[in-house]
Every structure is written in structure tokens, then in C-alpha cells.
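K.L.:
Right, I'll just put the structure down here and ask away after.
Computed from the coordinates by the stated procedures, all read-outs in this text should not be read as laboratory data. Keep in mind that what you see is a predicted model, and the values were worked out from it rather than measured. Because the Cβ atoms are built from the backbone with ideal geometry, glycine has one as well, and the counts that use them run over all protein chains shown.
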Amino acid sequence: MNINMIWAQDINNAIGKDGDLPWRIPEDLKNFKNITNNATIIMGRKTWDSLPIKPLPNRRNIVISSMEQKDVESYTSIEKCIDLLTNTEKDLDVYIIGGMSIYKFFYEYANTLYITFIDQSYPDTDTFFPISLKQIKSDFNLESKTDIDKIISFTKWVRK
Ligand SMILES: NC(=O)c1ccc[n+]([C@@H]2O[C@H](COP(=O)([O-])OP(=O)(O)OC[C@H]3O[C@@H](n4cnc5c(N)ncnc54)[C@H](OP(=O)(O)O)[C@@H]3O)[C@@H](O)[C@H]2O)c1
């Protein structure tokens, strides 16, 4: 299984506020859609709850929760999910789409990171990416960086 992670963060590593994204950035949603289209995506239950459209179309949606979720493929532990995916499809490309605890678990297994950097600070944020940028830079090489405007950049990182 090839593990990719994708997220957007502000200058304080913030990724969420009140169960939602702290920002509305259409270019970032478009980029997320392009990268994850037709792939398998794995998320925590709160991220699933936050989706305006469920399931996200053209993707195999997988949710991790201590409670089995209705109307979506769900697993009550991350280990069960990984076991099933690795035993059924060895070359599967999966995208970890959050939130915090799910990123934290998968970080050490991830080969590729897609990070949107938002060079701005948002108020009252309550959820943060759990790994520092310093740590990411020591574990991954920056493969590409596209500046969308003065504050938004799309980046791709590959494990050293
Ligand atoms: N900026 C971004 O790119 C981005 C991406 C994703 C999410 N977000 C934001 O992040 C916030 C949500 O993230 P979050 O960290 O609060 O929540 P989350 O990781 O999406 O979901 C947490 C839930 O996942 C389940 N879970 C996690 N680990 C588990 C385990 N080992 N075994 C079983 N279940 C497990 C639990 O569900 P149960 O409580 O049902 O047991 C837990 O309450 C929202 O604000 C969202 O908008 C931002």
C-alpha cells in the first residue's frame, strides 16, 4: 500500500476550527479533488462529519471511528483498516485526508505528502497538524512547489 497524506495548514500549523476548515479557498478544494480523484481516501469520523457532500464522489471513502458508521465503509480501528487494505490490494494508493489523530498515526508510514501552505494566521483555530515543519523537512525532500498567489502554495514532498 502506498500512503500519501494531504492537508492545508496556516502559519501556525492550524488545520481546523469548530469542526470545519478555518478558511474557504476554492483553488485548494480543486487541488484536493484533482489529487484524490479516483483514489481511496481515509479519514477520521469528525472529518467525515465535516464533509458538505458525503461520500466524496469518485473516491472510495473510508472512515475510522470507534462506532461503525452507516452508509460508508468504516473501521473501528486503524490497524483493522490497514490489515484489510494490505491483504486485499498490495499496490493500492491511499490518501490520508485527516484529521489530527489520523495524520499522526499515518505519518511514519507515508511516502508522499501534499501540503498546502497558507501564509496567514487564522483566529480561534482548534485543530493542528501534529508534526512540525522542521520534522517534515528532516524526513522528506521537497519535490515541487507551486505558488498560487502571495499566500497560497501547493507543495509535494517525497520521503528521503
Ligand atoms: N486543513 C485540512 O487539510 C484538514 C483536513 C482534514 C480535517 N480538517 C479539520 O480537522 C478537524 C477534524 O479533525 P479532528 O482531528 O478533530 O478529528 P478526526 O481525526 O477527523 O476524527 C477523530 C475521530 O476519528 C476516530 N478515530 C481516530 N483515531 C481512531 C482510532 N485509533 N480508532 C478508532 N477511531 C478513531 C474517532 O471517532 P469516534 O469519536 O467516532 O470514535 C475520533 O473521535 C475539522 O475541523 C476539519 O475541518 C482539516
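K.L.:
Scan the stretch 71-81 and tell me whether some residue there is under 20 Å from Asp126 (Cβ atoms) and near the ligand (Cβ under 10 Å from one of its atoms).
P.N.:
Residues of the stretch 71-81 under 20 Å from Asp126 (Cβ atoms): none.
Looking for residues that are under 20 Å from Asp126 (Cβ atoms) and near the ligand (Cβ under 10 Å from one of its atoms), one finds none in the stretch 71-81, hence no.
K.L.:
List, please: which pairs have Cβ atoms under 6 Å, are six or more places apart or on different chains, and start with a residue in the stretch 33-56 that is closer than 14 Å to Ile96 by Cα and end with one that is in a strand (DSSP E or B) and of a type in the set (Ser, Thr, Tyr)?
P.N.:
Close Cβ pairs satisfying both conditions: Ile35/Tyr114; Thr36/Tyr95; Ala39/Tyr95; Ile41/Tyr95.
K.L.:
Go over the candidates Ile118, Ile131 one by one and state the one that is among the aliphatic types (A, V, I, L, M) and touching a helix residue (DSSP H, G or I) at 6+ places or on another chain (Cβ under 7 Å).
P.N.:
Working: Ile118 fails: touching a helix residue (DSSP H, G or I) at 6+ places or on another chain (Cβ under 7 Å).
Among Ile118, Ile131, only Ile131 is among the aliphatic types (A, V, I, L, M) and touching a helix residue (DSSP H, G or I) at 6+ places or on another chain (Cβ under 7 Å).
K.L.:
Do you know which residues across the stretch 80-101 are loosely packed, with under 10 Cβ neighbours inside 10 Å and in contact (Cβ under 8 Å) with a residue 60 or more places away in the chain?
P.N.:
Lys90, Asp91 - these are the residues of the stretch 80-101 that are loosely packed, with under 10 Cβ neighbours inside 10 Å and in contact (Cβ under 8 Å) with a residue 60 or more places away in the chain.
K.L.:
Moving on to the next point. Only one of Leu142, Leu84 is assigned to a strand (DSSP E or B) and more than 22 Å from Asp18 (Cβ to Cβ); which? Full working, then the answer.
P.N.:
On the way: Leu84 fails: assigned to a strand (DSSP E or B).
Of the residues listed, the single one that is assigned to a strand (DSSP E or B) and more than 22 Å from Asp18 (Cβ to Cβ) is Leu142.
K.L.:
Filter the stretch 99-129 down to residues that are away from the ligand (no atom under 12 Å from the Cβ) and farther than 21 Å from Val63 by Cβ and give me whichever is farthest from the chain's Cα centre (by Cα). Working first, answer last.
P.N.:
Pass one, the stretch 99-129, residues away from the ligand (no atom under 12 Å from the Cβ): 107-112, 119-121, 123.
Of the ones still in play, those that are also farther than 21 Å from Val63 by Cβ are 108, 111-112, 119-121, 123.
Working: Glu108: 14, Asn111: 13, Thr112: 11, Asp119: 19, Gln120: 20, Ser121: 20, Pro123: 21 Å.
Here the answer is Pro123.
K.L.:
Is it true that Lys137 is of a type outside the set (A, V, I, L, M) and either in contact with a helix residue (DSSP H, G or I) (Cβ under 9 Å, 6 or more places away or on another chain) or not in a helix (DSSP H, G or I) (or both)? Lay out the reasoning, then the answer.
P.N.:
Numbers: of a type outside the set (A, V, I, L, M): yes; either in contact with a helix residue (DSSP H, G or I) (Cβ under 9 Å, 6 or more places away or on another chain) or not in a helix (DSSP H, G or I) (or both): no.
Taking the combined requirement at face value, the residue does not satisfy it.
K.L.:
Of everything in the stretch 54-79 that's in a loop (DSSP other than H, G, I, E, B) and of a type in the set (A, V, I, L, M, F, W, C), which residue is surrounded by the fewest Cβ atoms within 10 Å (Cβ to Cβ)?
P.N.:
Restricting attention to the stretch 54-79, the residues satisfying the condition of being in a loop (DSSP other than H, G, I, E, B) are 54-59, 65-72, 76-77.
Now restrict to residues that are of a type in the set (A, V, I, L, M, F, W, C): 56, 67, 72.
Working: Leu56: 18, Met67: 9, Val72: 16.
Within the stretch 54-79, the match that is surrounded by the fewest Cβ atoms within 10 Å (Cβ to Cβ) is Met67.
K.L.:
Sticking with this one: Give the residues of the stretch 31-56 that are more than 14 Å from the chain's Cα centre (by Cα) and away from the ligand (no atom under 11 Å from the Cβ), sorted by residue number. First the steps, then the outcome.
P.N.:
Going through the stretch 31-56, the residues more than 14 Å from the chain's Cα centre (by Cα) turn out to be 38, 49, 52-55.
Selection gives Asn38, Ile53, Lys54, Pro55.
K.L.:
Could you list, in sequence order, all residues of the stretch 57-73 that are over 17 Å from the mean Cα position of the chain (by Cα) and either on the phi > 0 side of the Ramachandran plot or in contact (Cβ under 8 Å) with a residue 24 or more places away in the chain (or both)?
P.N.:
Gln69, Asp71, Val72
K.L.:
Which residue is farthest from Thr116 (Cα to Cα), if the candidates are limited to the stretch 1-24 and must be in contact with a helix residue (DSSP H, G or I) (Cβ under 9 Å, 6 or more places away or on another chain) and surrounded by fewer than 17 Cβ atoms within 10 Å (Cβ to Cβ)? Steps first, answer last, please.
P.N.:
Let us first name the residues in the stretch 1-24 that are in contact with a helix residue (DSSP H, G or I) (Cβ under 9 Å, 6 or more places away or on another chain), namely 1, 3-9, 13, 15-16, 19-21.
Add one more test, that the residue is surrounded by fewer than 17 Cβ atoms within 10 Å (Cβ to Cβ), and what stays is 1, 13, 19-20.
Numbers: Met1: 23, Asn13: 11, Gly19: 19, Asp20: 16 Å.
So, considering only residues that are in contact with a helix residue (DSSP H, G or I) (Cβ under 9 Å, 6 or more places away or on another chain) and surrounded by fewer than 17 Cβ atoms within 10 Å (Cβ to Cβ), the one farthest from Thr116 (Cα to Cα) is Met1.
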